[in-house]
1. Residues that are surrounded by fewer than 19 Cβ atoms within 10 Å (Cβ to Cβ) and either at pLDDT 95 or above or among the aromatic types (Phe, Trp, Tyr) (or both): does the range 356-372 have at least one?
2. Identify, please: which residue in the range 138-150 is in contact with a helix residue (DSSP H, G or I) (Cβ under 7 Å, 6 or more places away or on another chain) and closer than 18 Å to Lys264 by Cβ and is, among those, surrounded by the fewest Cβ atoms within 10 Å (Cβ to Cβ)?
3. Check off (1) modelled with pLDDT of 95 or more; (2) surrounded by fewer than 22 Cβ atoms within 10 Å (Cβ to Cβ); (3) closer than 26 Å to Ala219 by Cβ; (4) in contact with a Ser or Thr (Cβ under 6 Å, 6 or more places away or on another chain) for Phe336 and give me the number that stays unchecked.
4. Hey, among Ala245, Ala300, which residue is in the same structural domain as Lys399 (by TED's automatic domain parsing) and in contact (Cβ under 8 Å) with a residue 60 or more places away in the chain?
5. Return yes or no: is Leu157 surrounded by fewer than 22 Cβ atoms within 10 Å (Cβ to Cβ), touching a residue at least 24 places away in the same chain (Cβ under 8 Å) and not in a helix (DSSP H, G or I)?
6. What's the total number of residues in the range 265-299 that are part of a loop (DSSP other than H, G, I, E, B) and aliphatic (A, V, I, L, M)?
7. Of all residues in the range 277-294, which are more than 14 Å from the chain's Cα centre (by Cα) and either small (Gly, Ala, Ser) or within 10 Å of Glu411 (Cα to Cα) (or both)?
8. Select from the range 326-380 the residues that are part of a strand (DSSP E or B) and without any contact (Cβ under 8 Å) to a residue 24 or more places away in the chain and list them in ascending order.
Amino acid sequence: MRNFCCYARFALVFGLSACLQSTTGWSATLLPSTNPHQFFEAINATNDRNSDQRSKRSLPSIRKNYFRVNGQQQVGNATAGGRQITSKDNLDRTTTGSIDRNQSKHQSATSNYVPSAEDMAPAIEMPTGTGAKDQIAAYQILLDRAGASPGAIDGRLGSNVDKAAAAYGEITGKFLNPADLAAIEAELNITGGPAFKEYVITNEDVGRQFVASIPSDYAEKAQLESMAYTSVIEMLGERLQIDEAFLKEINPGVNFNQPGSVIKVPNLRKPKRAKVNYIIADKPRKQVRGYDAKGLLVVAYPATIGSSDTPSPSGTVQVKRIAINPNYTYNPRINFKQGNNEQILTIPPGPNGPVGTVWIALSKPTYGIHGTPDPSRIGKTSSHGCVRLTNWDAEELAKLVKSGVVVQFTE
């Protein structure tokens, strides 16, 4: 079983404890924009895919410490919203600050704050029962609408959802309890309506070109005409940002290969986002964060960033160019060696290619931000040195950035 460091943020103010006496005190709680007592903390939790659902999470036990990365306590972190960041700023990894969307970019962050027992919130009950997965999925959809991607929508709590919830608080200034269905529905209505909608499978969906399977060997991949989808349900899962198994689960008995079939799908309703002027690739958090020209967080995506054998770059690089639906050139002399392949190979484009549907080239040769053929593993595995996102998150980021945007890798 693997342990992942899952990040969450919450804001506390003196006098808030009275509000928390109510059982509904957590519903869409507004985070004060100038509160000097806000803090960020890490949650060390087991997040194996088969044990992601947790019936109860005790905030007092969570809040014993702030950031813990590689066993070292860090009180606050500017990359996590301690203060606004621009491409001209150096990262301040020693101070904390409030989630202040109007704070000056160069305003000093507030001093460290250690919460007292009176500030601790009660335990949060996680959704349970037959509708729990639908409720968690609705929560995931709400996070995604705000720009805080949870990865593939699967009705499960885990590290990617925790990171997205923290980013949601920073983007919106609100903390939303995933167990409070009424609050979730209220926020959904504000942001575009119900979490799910109906979709009718079309002739075009069924009649497009598919491949029977995708080989693992790169030499065999290079022989294919395209790295296309292998099935209708895989294609719908990518388009609708939903885990394939969960899509089947919420549509029992449906024939996905039959035009006219009506299925239940996520109602994504993404708004127009501000352009991204600065990117942080946060290695410990396994998250890519995009900031606008004012230093405000616009998007946050779960990410797979390098590995011990093939580490990602350090320091600062820039976006060099963007390619949509790219082919992939395998060169074992300058990249990594796959299997017994020692020759340069060109793998055709497609969503199941090694870099998915997007390649955002960085100024360091051979490195980039790109998509993936396996979205369910984002943030939970390693990569060959690059920054891997889900295809849909990579596609969105490609629309928000341009050549010259700064990308900073944080350790």
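1. yes
2. Ranking the candidates gives Arg145 first.
3. (1)
4. Numbers: Ala245 fails: in the same structural domain as Lys399 (by TED's automatic domain parsing).
The unique qualifying residue is Ala300.
5. Working: surrounded by fewer than 22 Cβ atoms within 10 Å (Cβ to Cβ): no; touching a residue at least 24 places away in the same chain (Cβ under 8 Å): yes; not in a helix (DSSP H, G or I): yes.
Spelling it out, it is not the case that Leu157 is surrounded by fewer than 22 Cβ atoms within 10 Å (Cβ to Cβ), touching a residue at least 24 places away in the same chain (Cβ under 8 Å) and not in a helix (DSSP H, G or I).
6. Qualifying residue count, the range 265-299: 5.
7. Ala293
8. Matches in the range 326-380: Thr329, Gly368.
The values are calculated or read from the model by the stated rules, or taken from the named source; none is laboratory data. Quick caveat: nothing in here was measured; it's all calculated off a predicted structure. In this analysis, Cβ positions are derived from the backbone assuming ideal geometry, glycine residues included, and neighbour counts consider all displayed protein chains.
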